[in-house]
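First the structure, in the form of structure tokens, and then the observations on it.
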Amino acid sequence: MNRTIVKFTKETFDELKSLLLADRNEKHAFLLCNLAQSSHHTCNTVFLVDKIVIFDEKEISVSAVHVEIENDLVNGLFQQFVNGKHQALISCHSHPFEEGNVWFSGIDDANDQKLFEYFYTEITKHKPDAQMLTMVFGQKTIAARGYVKETKVFTSVDQIVVVGYPMKYITPVNKSHEDHTVDMKMYNRQILGFGEAGQKELSRLKVTLVGAGGTGSILAETLVRLGVKNLVIIDDDKLEDTNLNRWQGGKICHVGRYKVNILKDLLYPIAFDLKIKTFESTLFNEEVIDYIKDSDVVIGAVDSNKARYLLNRMALAYLIPYLDCSSGIVVEQGNIKELSARNVVVVPAATHCFNCEEVYFKKTEFAYDFVSESMKKEAQRRKYIQVEDISVKSPSVYPLNMLSVSTLSLEFMNLFWGYKDKMLENTYINCMTLENQGQKIAWEHQKPNSSCIDCQDRVALGDRAKVWELFFKEG
Ligand SMILES: [Zn+2]
Ligand SMILES: [Zn+2]
């Protein structure tokens, strides 16, 4: 089931809408896109919108029925596309007079056919893997389609995703009917609080969980109980007896088995319609990255900054919200210096990323990851670099992991239910005791840092970002 998805950052989507629907005249724009294309047959093809090219009104003749763009102009744009690095194009225009369901007109059909034929005959001579879609925007709805050159038929686009906080999912009006019914009964009590629309959305998501350790195991169960149906879990560890103090659902008889496989056994009996794909592997595996790059959200429950660095880059390149969940206990000379549960929310182009905090990734650590074993030893001997050593066991306790998972899961819920927008003013998540009438749980998410190279130059690059090459090449 290979679906076609178009992903925008909220910023780009809002800009495009305001350009196309600025007044009552039809407008035309081209979107320069990159792609997420997996070799895995169950994965989706994702168009990642990078830049808008809008045509000036002087360059087009506007009639009552349609916008005609000068051929020179289209040729110029196609030439620009051929010479540039982008992998895909979307031609879009507006029907500003349409308040109801927007449809491609007969003239649109003829124009699009010409455009598609030209694209898949001439443009693909220079860029064989290039792809194209067309879209039409009404005031409230969108229609979108692709094209199969061999059969000369239009194909439907399955979903338009606006990546923001919260996320927004738009189904194109011309999309062919899809059977997707999920048993909602077990979610009655949460639907009462948060509504059915978000619940249905959750059941359609592809959620990737990286790390199935102390926090990961609690997260996995939480996600399934919340209503996630399509879950990918990645971890190469086997359960040890020292994990049993905190590993959700773990039993003595499980010790020695791969954590991801135990989770499968534990999760399947919880809910109907589950699909769980597991990898007995680390994240640093090209096949894994290829499989998860079309995810709707990635949750990191990892204990290394190297993994966080890769997930951060992947999130920005493929416009995937990335939620990082961790906890920490620092003991120094018998005193507890720190007890912490930390949640980091990275929504591409909407919130800050890990790299926005300049101090977060100490570059030397990563340099260390790239070099050979002998160079590492030498560097350590000379004390050039201090590195995180994840083979050293650090203290860890179930309730602190649960706390981190709880607060992160509330963020996850907001991403897809958008419940924070529905909360009344002065309403917040409240932890109460008899003595204390309100300890507010609140999150504040910063905007992307304007000097962050990742947020400024590495958003929506798709497969062009080649994130898997960051760590997989020796040397
Ligand atoms: Zn039209
Ligand atoms: Zn950033």
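The values are calculated or read from the model by the stated rules, or taken from the named source; none is laboratory data. All values derive from a computational prediction rather than experimental measurement. In this analysis, Cβ positions are derived from the backbone assuming ideal geometry, glycine residues included, and neighbour counts consider all displayed protein chains. For accessibility, only protein heavy atoms count, side chains too; no ligands or nucleic acids. Shrake-Rupley method; radii C 1.70, N 1.55, O 1.52, S 1.80 Å.
Please report Rg (one decimal) and Dmax (integer) in Å for the Cα set of the stretch 4-170.
Radius of gyration, then largest Cα-Cα span, for the stretch 4-170: 15.2, 46 Å.
So for the chain, averaging the separation of alpha carbon pairs under 8 Å that are six or more residues apart and normalising by length, what relative contact order in percent results?
Normalised by residue count, the contact order of the chain is 15 percent.
Counting only the backbone N, which residues of the stretch 261-294 are under 16 Å from the spot 7 Å out from the Cα of residue 221 toward its beta-carbon?
The answer is 261-271, whose backbone nitrogens lie closer than 16 Å to the label point.
Using a cut-off of 29 Å between alpha-carbon atoms, which lysines can reach residue 114, once sequence neighbours fewer than 8 places away in the same chain are excluded?
7, 17, 27, 51, 58, 85, 125, 127, 140, 149, 152, 175
Would you mind calculating the relative contact order of the stretch 4-170 from Cα pairs under 8 angstrom and at least 6 residues apart, reporting the percent as a whole number?
This gives 27 percent for the stretch 4-170.
Could you do me a favour and compute the accessible area per residue for the chain, 1.4 Å probe, result in Å²?
With the other protein chains kept in place, the chain gives 49 Å² per residue.
Considering amide H positions built from the backbone, and no H for Pro or chain starts, which residues 5 or more places from residue 133, or on another chain, come under 5 Å of its amide H?
89, 90, 91
Pairs of Cα atoms under 8 Å, at least six residues apart: use those to get the relative contact order of the stretch 389-475, whole percent.
Computed value for the stretch 389-475: 10 percent relative contact order.
What distance in nm separates the simple spin-label points at residue 41 and residue 284, each placed 7 Å from Cα in the Cβ direction?
Taking the simple label geometry, residue 41 and residue 284 are separated by 3.3 nm.
Can you give the local net charge around residue 464? Use residues other than it whose beta-carbon is closer than 14 angstrom to its beta-carbon, Lys and Arg +1, Asp and Glu -1.
Around residue 464, the surrounding residues sum to +2.
What FRET efficiency comes out for residue 406 versus residue 446 if R0 is 30 angstrom and r is the Cβ-Cβ distance? Round to the nearest 0.05.
Computed FRET efficiency for residue 406 and residue 446: 0.85.
Decide, for the stretch 242-282, between rounded, prolate and oblate: order the square roots of the alpha carbon gyration tensor eigenvalues as a ≥ b ≥ c, take rounded if a/c falls under 1.5, and otherwise choose prolate if a/b is larger than b/c, else oblate.
Working: a/c = 2.50, a/b = 1.42, b/c = 1.76.
Because a/c hits 1.5 or more and a/b fails to exceed b/c, the stretch 242-282 counts as oblate.
For the chain, what does the equivalent ellipsoid look like in terms of its semi-axes, each the square root of 5 times an eigenvalue of the Cα gyration tensor, given largest first in whole Å?
42, 27, 22
If I measure Cβ to Cβ between cysteines in the chain, which ones have no partner under 4.7 Å?
Result for the chain is 33, 43, 92, 253, 325, 353, 431, no neighbouring Cys Cβ within the cutoff.
Using alpha carbon coordinates only, what is the Rg to Rh ratio of the stretch 155-259, with Rh defined as the Kirkwood radius?
Working: Rg = 17.6 Å, Rh = 16.3 Å.
Ratio value, two decimals: 1.08.
Roughly what % antiparallel, to the nearest 5, for the DSSP beta bridges in the stretch 4-170?
65 percent
Can you compute the FRET efficiency between residue 149 and residue 18 using 1/(1 + (r/R0)^6), with r the Cβ-Cβ distance and R0 = 22 Å? Round to the nearest 0.05.
Numbers: r = 34 Å, r/R0 = 1.52.
Using R0 = 22 Å, I get an efficiency of 0.05.
Between 0 and 90 degrees, rounded to the nearest ten: what's the tilt of helix 305-318 against the longest Cα principal axis of the chain?
Roughly 20 degrees, rounded to the nearest 10.
Which loop-located GluC sites (Glu not before Pro) does the stretch 405-475 contain, where loop means any DSSP state but H, G, I, E or B and the Cβ has at most 13 other Cβ atoms within 10 Å?
Numbers: sites: 411, 425, 435, 444, 469, 474; in loops: 425, 435, 444, 474.
Of the GluC sites (Glu not before Pro), the ones in loops of the stretch 405-475 whose Cβ has at most 13 other Cβ atoms within 10 Å are 425, 435, 444, 474.
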